[in-house]
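What follows is a set of notes on a single structure, which appears directly below.
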Amino acid sequence: MEFPVIIGSLGVFLLLLAFFLNLFKFLMQDTRAYVILNIIGGGLACYASILIGFLPFVILEGTWAVVAAVGLVRLFGK
């Protein structure tokens, strides 16, 4: 398996893990763990998209990671 596929798959797995844990009430959106899963997942998926040169997903996943990072800063401010 190629490196970008591994990195992208790991990123998407983390994003989906956060989504499912939240959906089934195991992890709430206002927790650091949820936000960190989104930052790392979005960042890895963005990096994989950069490696394969797919700009739409670079924008999508990069934005996802940045918005999650802003959310983490806000959580630490509480």
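None of the figures in this text is laboratory data; all of them are computed from the coordinates on show. Keep in mind that what you see is a predicted model, and the values were worked out from it rather than measured. As a convention, Cβ positions derive from the backbone with ideal geometry for all residues, glycine included, and neighbour counts pool all protein chains shown.
Cβ-to-Cβ counts within 10 Å put TYR47, TYR34 in ascending order as TYR47, TYR34, the fewest first. Extension gain for ASN22-PHE54 works out to 8.7 nm (0.36 nm per residue, less the C-alpha to C-alpha distance).
Result for the chain in a Gaussian network model with C-alpha springs under 10 Å: among VAL35, VAL67, VAL12, the largest mean-square fluctuation is at VAL67.
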